[in-house]
1. Can you pull out the residues in the stretch 331-368 that are in contact with a Phe, Trp or Tyr (Cβ under 9 Å, 6 or more places away or on another chain), of a type outside the set (Phe, Trp, Tyr) and more than 18 Å from GLN285 (Cα to Cα)?
2. Criterion first (under 30 Å from PHE36 (Cα atoms) and out of contact with any helix residue (DSSP H, G or I) (no Cβ under 8 Å at 6 or more places or on another chain)) does ARG197 satisfy it?
3. Suppose the filter is basic (Lys, Arg) and over 58 Å from the mean Cα position of the chain (by Cα); does ARG236 pass it?
4. Does GLY628 qualify as being more than 19 Å from ILE451 (Cα to Cα) and open to solvent by 10 Å² or more (accessible area, probe 1.4 Å)?
5. Is it the case that SER321 is open to solvent by 10 Å² or more (accessible area, probe 1.4 Å), among the small types (Gly, Ala, Ser), touching a strand residue (DSSP E or B) at 6+ places or on another chain (Cβ under 8 Å) and farther than 21 Å from SER397 by Cβ?
6. Would you mind stating whether ILE216 is at pLDDT 85 or above, part of a helix (DSSP H, G or I) and either closer than 30 Å to LYS399 by Cα or over 33 Å from the mean Cα position of the chain (by Cα) (or both)?
7. Mind checking which residues of the stretch 62-109 are polar (S, T, N, Q) and in a helix (DSSP H, G or I)?
8. So in the stretch 529-555, with the set limited to residues that are open to solvent by less than 40 Å² (accessible area, probe 1.4 Å), part of a helix (DSSP H, G or I) and at pLDDT 90 or above, which one is nearest to ILE631 (Cα to Cα)?
Amino acid sequence: MSQQPVHAVSGRLILLIKSGYWLALLIIAAMVVASFILLQQMMAAQQHNQALLDVVSTQKALSQRIVFLAGATGTASRDQQPALISALKQATVEFEKNYDLLLERTAADPASPARFDPKSIESVLFAKPFHLDYFSVGLIANGERLISSFESRLNMAGNGGYKGGEERVNLNASVANATLSGYAALGQRISAFADRRSETLLELNRTLFYSTMGVIVLVALFIFRPMSNAILRRTRELVDARNSMAFIAVHDGLTGLHNRTFLTEHFDTLINAAQRRRERVAVVQFDLDRFKQINDTFGHAAGDYVLVTAAQRMRGSCRTSDLNVRLGGDEFVVVLNDGSTEDIDIVARRMLAKLNEPVIFRGTTIHPGVSAGIAVYPVDADNAQDLLVHADLALYSAKKQGGGSLSFFSDELRRELDNRKQLELDIRVAISEKAFEVYFQPQVSLSDGTISGIEALARWRHAERGMIAPGEFISIAEKCGLMSEIGRIVIAKAINEAAEWNRAGIGFGRIAVNVSGSELRETDFEVFLFGTLERTGLPAHKLSLEIVESVILDDEKTGIAAKLRHIRAAGIHLELDDFGTGYASLSHVNPNEIDRLKIDRRFVQNINENSGNNKIVRALTELARGLGISIVAEGPETEAELDSLMAIGCDQVQGYSIAFPMPPDRVREWLVARTPKKARLTVLQGSRA
């Protein structure tokens, strides 16, 4: 089962926490509302019960008042009786109204089974031993009869009056006492019922309270604590990420050394501090001479291991106050604080010796071969940028000496730097003016002398310095990133010249132009190439692109492979230049991708005397023949070398023994002179036979 993405799990966790949070809030809110409702019910019940108790208490007082007024009326004089009768009537009416109100508020039902429950209100009202309903009604009826009797005696009743006997008029004291006893019992029952109901509501309220507290505890344990833990964890992750980003921003991810950004931001500070202390600062730039070979031969894992080992050795060979930086790729810089020239030389040589020690990778011994260039402040430069440039020039000088050594920046290198800067400016001017010329060198067949092709070569005639060798300006153009622009000028001029030859019927095989990796990486290179062919009218099969082995090695990473396949599918030929000098494996020599191999001149020179070169060229020739790929030898200069190539079977050659590189007008003459003349038909005129 594949592992789920971290952000998906995190999103579900956050959703779960949010859902639990809102659910807990809803539960707590529901419990709070329930508690509020219970409290309201308790208060309403208490008010209701208090009102009932007030009515019961009033009834008790009224029952006693009725008994008292009945007795007082019977013994009072005739003059006093009307007022007493009125008071008795009022007490009786109030007693009756209160009793009706009591029955309404208690909702007592004489037919309810609750009357058999000795603890119920109904049992007091409708059952033994109290029969409060019976005695209350009796007390009311007895009071009304008594009032009617008194009114009849005093002629207060009008035409009506009491018609019963006197024996039925007197108020029965037992009824009054029973009523008083019943209301006392009713008050106790109402109080007990109220207490039980209050206790039930209080118990329910306590349960809700404890449940609410329990929910709050559960929320704290299972929601807020995980949420706080998640927030704390995320905060720590953010802090760690921020620290990691801050570290990565100024450190190299592979070696752990400071990176170019850190050096750029802090170098001026180091220079200013050294200026205040009147100290020296030495910039030692290291470069692995055979790093590309290590990557190509042993793989990128071995290359990374060599870089990490070099960084560890570099850090261990200098002082803690010195600054170790990886500029990128296989380039390192160490900034040494203070010290004389002798001290700097000793430290640099010690580091160089340590870095040049063999590296063991998975049982394989690798010799990295490290060179170093040194520039010193304030001797060689007074600012950080110039120090780095001068150290790079010193490094380049050390590499030219064969590698594995160090070199200090010198006046000679300074003059070389000035020359390089001026040359760079001149190159930019030449590009803007399209001043680069194209020379052509033919390729011929040894067996029949036919022309198999012509290579286009870039040349630059400087206005003041005259003709500048390609090896001098091409390296500078590549370093400055100007090679693509020069290449397009050369390609356009070469194709245009070849198109004119083709229209004139001059045989030249096909025109070969050199294309660098930087040119092929240009996104619009195909558009430029096909557009130039279409504009000039040169057929695609008349053009050949020469690429070096490093382009083949890098093609899969840069997307050049697909571009080359597209170009070849359009009919343009592809040739592998300087074959045998790089590190391409035989898997790259594919007849479906390469049309011709060009053997480098170092294997061709002295081939008649050097048996090793002879064997190499023979092997390469047989390899190409077996794969069905044509082959051309570059650089033969003598008849003996041509004879050796002929004997080996390498038929096509290009070199000074055939022709030197020529400008367009001269190569055109050369081609015309060697183009077979077409037979012309001559019509003879004469008499008819």
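The values are calculated or read from the model by the stated rules, or taken from the named source; none is laboratory data. Just so it is clear, the model here is predicted, and its values are computed rather than measured. Cβ atoms come from the backbone with ideal geometry, glycine included; neighbour counts cover every protein chain shown. These area figures cover heavy atoms from the full protein model, side chains too; ligands, DNA and RNA do not enter into them. Shrake-Rupley method; radii C 1.70, N 1.55, O 1.52, S 1.80 Å.
1. Residues satisfying the conditions are VAL359, ARG362, THR364, ILE366.
2. Numbers: under 30 Å from PHE36 (Cα atoms): yes; out of contact with any helix residue (DSSP H, G or I) (no Cβ under 8 Å at 6 or more places or on another chain): no.
Here the answer is no, as ARG197 does not meet what is asked.
3. Numbers: basic (Lys, Arg): yes; over 58 Å from the mean Cα position of the chain (by Cα): no.
The answer is no for ARG236.
4. Numbers: more than 19 Å from ILE451 (Cα to Cα): yes; open to solvent by 10 Å² or more (accessible area, probe 1.4 Å): yes.
The answer is yes for GLY628.
5. Working: open to solvent by 10 Å² or more (accessible area, probe 1.4 Å): yes; among the small types (Gly, Ala, Ser): yes; touching a strand residue (DSSP E or B) at 6+ places or on another chain (Cβ under 8 Å): yes; farther than 21 Å from SER397 by Cβ: yes.
So SER321 fits the description; yes.
6. Details: at pLDDT 85 or above: no; part of a helix (DSSP H, G or I): yes; either closer than 30 Å to LYS399 by Cα or over 33 Å from the mean Cα position of the chain (by Cα) (or both): yes.
Criteria not met by ILE216.
7. As a first pass, look at the stretch 62-109 and keep what is polar (S, T, N, Q): 63-64, 73, 75, 77, 80-81, 86, 90, 92, 98, 106.
Passing the criteria: SER63, GLN64, THR73, THR75, GLN81, SER86, GLN90, THR92, ASN98, THR106.
8. ALA540
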